């Protein structure tokens, strides 16, 4: 499965790692767990590791847009981690779909990204 996630910091941080192409099945798997964390904890912060991410299948892209609109205000911060210019561009691409503050970090600065997510 191209999407893996785990909640950290008592559910306040959601670490997501994607690889390959996201499919509808990935959203069916991921969305209920995300919604559960939001109901339990309110807004969450997301560590989003893009290493190996190749985009979305067409139906999954549409599902992703719907997910982003539905959860527009549920994410407080997003730390996007990657290694390529394309992945850095994803941070800019994502901004209109969320109220979250988004920052890009090179993969070598994952510890800095985690620190930023934990700041008040």
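Within region 74-103, the set of residues being modelled with pLDDT of 95 or more and exposed (fewer than 13 other Cβ atoms within 10 Å of the Cβ) is empty.
Restricting attention to region 6-17, the residues being buried (at least 19 other Cβ atoms within 10 Å of the Cβ) and either part of a loop (DSSP other than H, G, I, E, B) or touching a helix residue (DSSP H, G or I) at 6+ places or on another chain (Cβ under 8 Å) (or both) number 2.
For region 23-31, does any single residue satisfy the condition of being at positive phi, surrounded by fewer than 19 Cβ atoms within 10 Å (Cβ to Cβ) and not in a helix (DSSP H, G or I)? Break it down stepwise before answering.
Here is the first cut: in region 23-31, the residues at positive phi are none.
No: region 23-31 contains no residue that is at positive phi, surrounded by fewer than 19 Cβ atoms within 10 Å (Cβ to Cβ) and not in a helix (DSSP H, G or I).
Residue count for region 52-106 satisfying the condition of being assigned to a loop (DSSP other than H, G, I, E, B) and out of contact with any strand residue (DSSP E or B) (no Cβ under 8 Å at 6 or more places or on another chain): 4.
Just one of the numbered conditions (1) over 22 Å from residue 99 (Cβ atoms); (2) touching a strand residue (DSSP E or B) at 6+ places or on another chain (Cβ under 6 Å) is not true of residue 48: (1).
If you go through region 32-51 and keep only what is within 19 Å of residue 92 (Cα to Cα) and either part of a strand (DSSP E or B) or out of contact with any helix residue (DSSP H, G or I) (no Cβ under 9 Å at 6 or more places or on another chain) (or both), you end up with 45, 46, 47, 48, 49.
The values are calculated or read from the model by the stated rules, or taken from the named source; none is laboratory data. This is a predicted model, so every value here is computed, not measured. In this analysis, Cβ positions are derived from the backbone assuming ideal geometry, glycine residues included, and neighbour counts consider all displayed protein chains.
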